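To start, the structure under review is shown below, and the notes come after it.
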Amino acid sequence: MNISEEVRALGARIEAFVREKIVPYERDPRRDHHGAPTDELVAELKALGRAEGLLTPHVKADGSHRSQLETAYLLIRSGLSPLGPYGCNTNAPDEGNMYLLGHVGSDEIKDRFLKPLLEGQARSAFLMTEPADWQGAGSDPSMMKTTCRRAEDGSGDWIIDGRKTFITGFAGAKVGIVMAKAEEGACMFLVDLPDPAIRIDEVPNTIDSSMPGGHATLTIDGLRVPQNQMLGEAGEGFKYAQVRLSPARLSHCMRWLGACIRSHEIATDYACRRQGFGKQLIEHEGVGFMLAENRIDLKQAELMIYWCAQVLDTGDLGTIESSMAKVAVSEALMRIADRCVQVMGGIGVTERTIVEQVFREIRAFRIYDGPTEVHKWSLAKKIRREWREAQEA
């Protein structure tokens, strides 16, 4: 694996930082109504990362992004604690939004919207998903109902109306990326937040609790956006969404692999210390086999991530490869998290360790950025296309 000594050394620093400086904050009581870290806590964690020179390690000093392979090496280590990504500024959705703006944003957009994200001075939100009770876009983005139209006053501004839901991190975010549909097709806009034209209807309690700001449901009523805050041209929104899609999907896998590595360490320590029926729990075949299966799944997940990262580093969009990685890694991590809870018994379902939280987070991860079933369906369509092409050859 072609990882430079500079990146390996940076990864070692990140791992030490997360284990020594961030892990103690896992018991910090500064949490919102659904258990997510408050912006006050996040700012403190980012200050720690800034002081260590470890903020935004996936972006180089010149503003260019590291390779996906290098990013994977670093983000896995930042994920060793659910709070680690905040201390390193590698958290979702900001990391994916940084990637998008860094690759396709104009100089003006980079200076105004990307810079505060890179510096850890702002959080962001990606406004795409729409409510099911509105028959809006979910896993099928073509169902998008939020509209945008040119203002009638000749200013060139755009007016956006619609609804959004499960918008991660919206409450407290300062940068928004809004997707809407024009006559030309999908469009993508950068907006300053908060804006009075975007109303929070609800921030529901959810099974996961690691995302500051929660997952808001919104109403957009007459949001006015200047033309120079559109990414690209009208109708190019889905093209730019594809730029973000695969890397952001894969970086979720990276961070949560780190969390499962740590959960496995905690479960292993418990099984080696706890006595039952005359010997250590790990000496009982049922427990030992679960930990052995964890080790296998961890390695397979790691290899799948690095394989997909290398595909993306060729310049390929990696849509199919990232779907395969998302399915394989999320399902493997679910098995790992479940076994860790099982090995630890009663302790595993309490808040005494992060194992219980990681189990909940991974269960949600199997849904966001595309449920397993949608990715399998997409893969099945590709298999059918390939079969048809083979028959016609």
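Brief remarks on what is shown
- Per residue, the solvent-accessible area of the chain (1.4 Å probe, heavy atoms of protein chains only, all protein chains present) comes to 44 Å².
- By accessible area with a 1.4 Å probe, ligands and nucleic acids excluded, highest first: order of D316, D107: D107, D316
- The accessible-area ordering, largest first, of the residues W158, W377, W134 stands as W377, W134, W158, per a 1.4 angstrom probe.
- Net dipole in debye of segment 246-393 [+1 Lys, Arg Cβ; -1 Asp, Glu Cβ; about Cα centre; nearest 20]: 260 debye
- Percent of Cα pairs exceeding the 37 Å cut-off, where the set is the chain: 22 percent
- Using alpha carbons only: equivalent-ellipsoid semi-axes of segment 305-356, gyration tensor based, whole Å: 33, 10, 7
- Between segment 275-337 and segment 10-55, the alpha-carbon center distance in angstrom: 25 Å
- For segment 212-224, 3J(HN,Hα) per residue [Karplus equation, 6.51 cos²θ - 1.76 cosθ + 1.60, θ = phi - 60°, Hz, x = Gly/Pro]: x, x, x, 10, 7, 9, 10, 10, 10, 10, x, 5, 9
- Here segment 197-248 is assigned +1 on the Cβ of each Lys and Arg and -1 on the Cβ of each Asp and Glu. Its dipole about the Cα centre then comes out at about 160 debye.
- In the chain, the portion of solvent-accessible area held by carbon and sulfur atoms comes to 52 percent [1.4 Å probe, whole percent, DNA, RNA and ligands not counted].
- Long-range HN-HN contacts of L218 with modeled amide H, under 5 Å: K164, T165, D201
- Dipole-positive endmost among H65, T129, I14 within the chain (Cβ charges, Cα centre): I14
- DSSP-defined beta bridges in segment 43-183 - what % are antiparallel, rounded to 5: 50 percent
- Rounded Å value of the spacing that divides the Cα centres of segment 206-260 and segment 360-393: 21 Å
- Rounded to the nearest Hz, the phi-derived 3J(HN,Hα) couplings of segment 295-305 under the Karplus curve 6.51 cos²θ - 1.76 cosθ + 1.60 (θ = phi - 60°) are 4, 5, 5, 4, 5, 5, 5, 4, 5, 5, 5, where x marks glycine and proline.
- For the listed peptides 255-263, 281-289, a ranking on the average number of other beta carbons within 10 Å per residue, highest first, reads 255-263, 281-289.
- Taking amide hydrogens as placed 1.01 Å from N in the peptide plane, the amide H of G138 sits under 5 Å from those of E130, M143, each at least 5 positions away in sequence or on another chain.
- Positive-end ranking of G315, H375, V341 along the dipole of segment 247-393, with charges on Cβ about the Cα centre, is headed by V341.
- Accessible area of V191 (1.4 Å probe, protein heavy atoms only, ligands and nucleic acids ignored): about 10 Å².
- Positive-end residue of V178, W256, P226, charge dipole of the chain with Cβ unit charges: W256
- Percent of C-alpha pairs per 5 Å bin, segment 1-61, short to long: 4, 16, 23, 21, 15, 11, 6, 3, 1
- Computed log10 I(q)/I(0) for segment 147-230 at 0.11, 0.16, 0.22 Å⁻¹: -0.31, -0.61, -1.03, from the Debye equation with unit scatterers placed on every C-alpha and solvent omitted.
- Only helices enter the 222 nm calculation for the chain: every DSSP H run of n ≥ 4 contributes -39,500 (n - 2.57), and dividing by all residues gives -15500 deg cm²/dmol, rounded to 500.
- Segment 139-218: antiparallel DSSP beta bridges as a percent of all, rounded to 5: 95 percent
- Simple point charges give the picture: +1 on the Cβ of Lys and Arg, -1 on the Cβ of Asp and Glu, and for the chain a dipole about the Cα centre of about 860 debye.
- Under Karplus coefficients 6.51, -1.76 and 1.60, residue-wise ³J(HN,Hα) of segment 169-175 in Hz, glycine/proline x: x, 4, 5, x, 6, 10, 10
- Residue-span extension gain [T372 to L303] - 0.36 nm each, minus C-alpha spacing: 23.0 nm
- Crossing angle, helix 94-104 versus the chain [Cα axis fit, 0-90 degrees, rounded to tens]: 40 degrees
- DSSP beta bridges confined to the chain are antiparallel in about 85 percent of cases.
The values are calculated or read from the model by the stated rules, or taken from the named source; none is laboratory data. Computed from a prediction, not measured in an experiment: that's the story for all the values here. Cβ: placed from backbone, ideal geometry, glycine included. Neighbour counts: every protein chain shown. Protein only, heavy atoms only, side chains kept; ligands, DNA and RNA dropped before computing areas. Shrake-Rupley method; radii C 1.70, N 1.55, O 1.52, S 1.80 Å.
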